[in-house]
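A short write-up of the structure that comes next.
No value in this document is a laboratory result; all are computed from the given coordinates. Model, not experiment: these values are computed from the prediction. We place every Cβ from the backbone using ideal geometry, glycine too, and count neighbours over all the protein chains shown.
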Amino acid sequence: MIAASPLAVLEQALDWLELGESVALVTLVGIEGSASRSLGTQMAVTSTGRSIGSFSGGCIETAIVAEAQKMLEAGFGRTVRFGLGSPYIDVRLPCGGGIDLLFTPRPSPAVLREAIGRLQARQSSRLFVSAKEVGWSIPGFALDLFPPLRIVALGQGEDLSAFVRLAASFGAEIEAHSPQADLVEELRRQGHAARPLSHLNGLQELTGDPWTAFVFLFHDRNWEDALLPRALRQPALFCGAIGSLRTHEARLQRLRAAGCGEAALARLSGHIGLIPATRDPATLALSILAELADRYVQACASEPAVTRLAVAG
């Protein structure tokens, strides 16, 4: 993972708490002007100065850690303004804006454990955060939590392997399915979840949800024709297959002949990726992952928004 995800921040905070450390959860609850991060972004800080997460490119994190340590020692939290309008005149944001950070000392391990469990079970939830506590039905800042982007990649060759490695580095939950046994073994040795496809009907389980993307990276239409209809029956953030516009039109015709309805076919993307034309596996992987990341952000934004309520403290 190239940067801490919201789930990773909660998991690390819980790990530290269970090891007996004093931990403060810091939540971005207000923005004036521009800011590097969105509402709801979090850091976790220990009394010894360890931290995970960030609110800028590194210009205010040292001050945030020091503030969290003070509150842990005092035993109470509050909301602090950094940047524009802050009493800390020597701590400024490069963008010129101001952010309000809510410090919650010693959040409940039980609540964090439940929130993490819901995310790991692919369920979204709304957690409330105040200066005193975190909980499910308390006055405070409403924090909407979403499961991480999950990608089911099916295909062959270097297109598949490059995409799996890049998606894993990005932090997506990625699983690969391929008829190439040597490729499956290679991906497994690299620590990726990979499963062999032994025959056209050999995929036993194919499940989706609103935060899961199905990506088909086959150059063999037989595998596509067998597996695409199963993916299209699942709820999904995205379902798409590589190929030209001509290839995609031929694909649609075959799927129609196989009995796929127009509503299902309308969900299928062809010529996938944000870069109009790619000629190598690495650029193709980047192009597709960029589209999926954009779709994921849009899906989370379409859910009930993270809003600032009556922030205690």
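Counting 0.36 nm for each residue step from Thr48 to Ser108 and taking away their Cα separation leaves a gain of 19.7 nm. When the helices of the chain are scored as -39500 (n - 2.57) per DSSP H run of n ≥ 4 and the total is divided over every residue, the value at 222 nm lands at -11500 deg cm²/dmol.
Charges were assigned to the Cβ only: +1 to each Lys and Arg, -1 to each Asp and Glu. The resulting dipole of the chain about its Cα centre is roughly 480 debye.
Assuming charge only on the beta carbon of Lys and Arg (+1) and of Asp and Glu (-1), the dipole of region 136-245 about its Cα centre is about 140 debye to the nearest 20.
The chymotrypsin sites (Phe, Trp or Tyr not before Pro) found in region 120-210 that occupy coil by DSSP, while having at most 14 further C-beta atoms within 10 Å, are Trp136.
Angle, helix 221-232 long axis vs. longest principal axis of the chain, Cα atoms, 0 to 90°, nearest 10? Relative to the chain, helix 221-232 is tipped by roughly 40 degrees. As a proxy for reagent exposure, ranking Glu61, Glu18, Glu205 by other Cβ atoms within 10 Å from fewest up yields Glu205, Glu18, Glu61.
Computed from backbone phi with θ = phi - 60° and the Karplus coefficients 6.51, -1.76 and 1.60, the 3J(HN,Hα) list for region 28-44 is 6, 10, x, 9, 10, x, 9, 8, 6, 10, 9, 3, x, 4, 10, 10, 10 Hz; x is used for glycine and proline. With the crude spin-label approximation of a point 7 Å out along Cα→Cβ, what separation in nm comes out for Ser125 versus Met1? Placing both labels 7 Å beyond Cα along the Cβ direction yields 1.7 nm. Between Arg254 and Ser38, the modelled labels are 3.7 nm apart [label points 7 Å from Cα along Cα→Cβ].
For Rg/Rh (Cα atoms, Kirkwood Rh), the candidate list reads [x] 1.05; [y] 0.93; [z] 1.07; the entry that matches the value derived from this model is [x].
Comparing Gly261, Ala3, Thr62 along the charge dipole axis of the chain, the residue lying farthest to the positive side is Gly261, per the Cβ-charge model. Principal-axis analysis of the Cα atoms of the chain puts helix 6-18 at an angle of about 50° to the longest axis. Working from label points 7 Å from Cα in the Cα-to-Cβ sense, the Thr247 to Lys70 distance is 5.9 nm. If R0 equals 30 Å, the separation of the Cβ atoms of Trp136 and Leu19 corresponds to a calculated FRET efficiency of about 0.75.
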